[in-house]
Amino acid sequence: MNYSDYNGLLPVNLQPDDASPQWNNKGDNAWQLIATTMVGMQSVPGLVILYGSMVKKKWAVNSAFMALYAFAAVLICWVLWAHNMSFGTRFCPILGMPGFALTQRFLLPEYGGFYVPMADYVYYEFVFAAITVILLGGSLLGRMNFYAWMIFVPMWLTFSYTVGAFSIWGKGFLEKYIIDYAGGYVIHLSSGVAGFTAAYWVGPRQSHDRQHFPPNNIIHMLGGAGFLWLGWTGFNGGSPFAANLIASLAIINTHICTATSLLVWVSFDMVVYKKSSVIGAVQGMITGLVCITPGAGIVEPWAAIIMGALSGSIPWYTMMVLHRRSALFQSVDDTLGAFHTHAVAGLLGGLLSGVFARANLLRMMYPTGHYRHGIIQMGYQIIGAAFIIVWNVVVTSLICILISRIVDLRMKEEDLDIGDDAAHGEEAYALWGDGEKMPVPIRWQMAPRIPSMCRRLK
């Protein structure tokens, strides 16, 4: 049909034209752009605020800037080569061919099988890639050389993230076997494992920073956490690339699991430590968001409650109990505990998704997928997790070793004593008189002043 053939059949605002072809569903397109922007706001300003306020005052600027830089650097790398390495023409079983995603010829046609432009897909997958690198950076706050971080971001995106994305989501060897709805493995397991590995190579913070590292602004920390939680509506709700039933189910499951996980984590804190912790509540929130991600649109809400209960308890145990007893965890300085909140919770969510996924929902989400139930599917989930873990440990180690031959991974000791001012020449809070020596008047040399109200009228 020609565009003129639709006259009288559709309202004027829904009729196709050159800017909105017949295949473009305006509702799906609008939702996808909104969902993608919500995911982007999880990073900027969400994690920028969260990182900048969750660390010690002297590291606030450096931590926030690491997140902001990563977001910008990933975007440029993504459109130049990384998108096609993750989702383009197959080069090998684990990687696509690098290529540009910069022309209207590439970005404006229909994204295969969906009713949105390819530009939506490139944009959406970019914000996923960006938040993965930023989450990884949470393990390195408070001591990594910023120049080393500038090199690390594009290298890790290119040689680690693209492999996981292509293998499980693209056209790789695990695509037809692994259930990973929105990134439990590709994003969270990889960022948690890679962050822990990089923390080993970078080395620990100064001992007094490890022992005393209070948040500089808990209220702002909660604001950043709020961006993260509500932004997850787009994170999981945008994965079907349509405003459909799966998107609706994914959104409600996301918030049910997250609320359950937060309440369980806080309950454990109150029982064991006799005090509720705001930081603990944020950690519980994050583990719930992470755990539901690989199964948000393919499990029922009652399963989301179970997943929330487990994500609020198992990562709590690994972080609050096992971490303190394990020599390995004590030797590796994972600043914000990304291994527990992302690797453990992501692995847990991936395994539970294999258990609770419903066949009819899988068919709606993956019409061409070959997924099985029970022990067979669980075996595939374990194989997928093992691949992501091994690849990230090896590749992240090689990247860190290579960068260390170019620039120091860790800041100098004298700079670690100072923090932001040494790294960037800036500080987070410009309070009146902060760091300045103001002359103090000597009061006994000043003539006394009698308030006018106390003077006797003549």
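The values are calculated or read from the model by the stated rules, or taken from the named source; none is laboratory data. A quick note: this is a predicted structure, and the numbers were derived from the prediction, not measured. Note: ideal-geometry Cβ built from the backbone for every residue, glycine included; neighbour counts use all protein chains shown. Only protein heavy atoms, including side chains, enter the accessible area calculation; ligands, DNA and RNA are left aside. Shrake-Rupley method; radii C 1.70, N 1.55, O 1.52, S 1.80 Å.
Please verify whether the range 278-293 includes one or more residues that are under 16 Å from Trp316 (Cβ atoms), open to solvent by 40 Å² or more (accessible area, probe 1.4 Å) and in contact with a helix residue (DSSP H, G or I) (Cβ under 7 Å, 6 or more places away or on another chain). Yes - at least one qualifying residue is present in the range 278-293. No other residue among Gly354, Gly346 is part of a helix (DSSP H, G or I), modelled with pLDDT of 95 or more and at negative phi apart from Gly346. With respect to the conditions (1) closer than 30 Å to Asp28 by Cα; (2) open to solvent by less than 20 Å² (accessible area, probe 1.4 Å), Ala259 lacks only one, and its number is (2). Restricting the range 404-434 to residues that are open to solvent by 50 Å² or more (accessible area, probe 1.4 Å) and of a type in the set (A, V, I, L, M), the residue that is modelled with the lowest pLDDT is Leu431. From the list Ile306, Ile292, the one residue that fits, being within 24 Å of Lys176 (Cα to Cα), in a helix (DSSP H, G or I) and among the β-branched types (Val, Ile, Thr), is Ile292. Among the residues of the range 402-426, just one is under 17 Å from Met150 (Cβ atoms), among the β-branched types (Val, Ile, Thr) and in a helix (DSSP H, G or I), namely Ile403. Considering the range 115-222, the qualifying helices (runs of 4 or more DSSP H), each wholly inside and each with 2 or more residues that are modelled with pLDDT of 95 or more and open to solvent by less than 10 Å² (accessible area, probe 1.4 Å), run over 118-137, 146-156, 162-168, 190-202.
Got a number for residues in the range 226-248 being assigned to a helix (DSSP H, G or I) and closer than 16 Å to Asp28 by Cα? Result for the range 226-248: 9.
Across the range 359-397, the number of residues qualifying as touching a residue at least 60 places away in the same chain (Cβ under 8 Å) and either in a helix (DSSP H, G or I) or buried (at least 16 other Cβ atoms within 10 Å of the Cβ) (or both) comes to 20. Could we say that Leu230 is touching a residue at least 12 places away in the same chain (Cβ under 8 Å), surrounded by fewer than 18 Cβ atoms within 10 Å (Cβ to Cβ), on the phi < 0 side of the Ramachandran plot and more than 17 Å from the chain's Cα centre (by Cα) here? No: the conditions fail for Leu230. Scanning the range 314-326 turns up no residue that is open to solvent by less than 10 Å² (accessible area, probe 1.4 Å), among the hydrophobic types (A, V, I, L, M, F, W, C), outside any loop (DSSP other than H, G, I, E, B) and under 28 Å from Gln42 (Cβ atoms).
Kindly list, by first and then second residue, each pair from a residue in the range 247-276 that is farther than 25 Å from Phe114 by Cβ to a residue that is open to solvent by 30 Å² or more (accessible area, probe 1.4 Å) and part of a loop (DSSP other than H, G, I, E, B), limited to pairs with Cβ atoms under 6 Å and residues at least 6 apart or on different chains. Listed pairs, sorted by first residue: Val266/Ser276; Asp269/Ser276; Asp269/Ser277; Met270/Ser276.
Within the range 66-115, the residues that satisfy the criterion of being closer than 26 Å to Gly384 by Cβ, hydrophobic (A, V, I, L, M, F, W, C) and in contact with a strand residue (DSSP E or B) (Cβ under 9 Å, 6 or more places away or on another chain) are Met85, Phe87, Met97.
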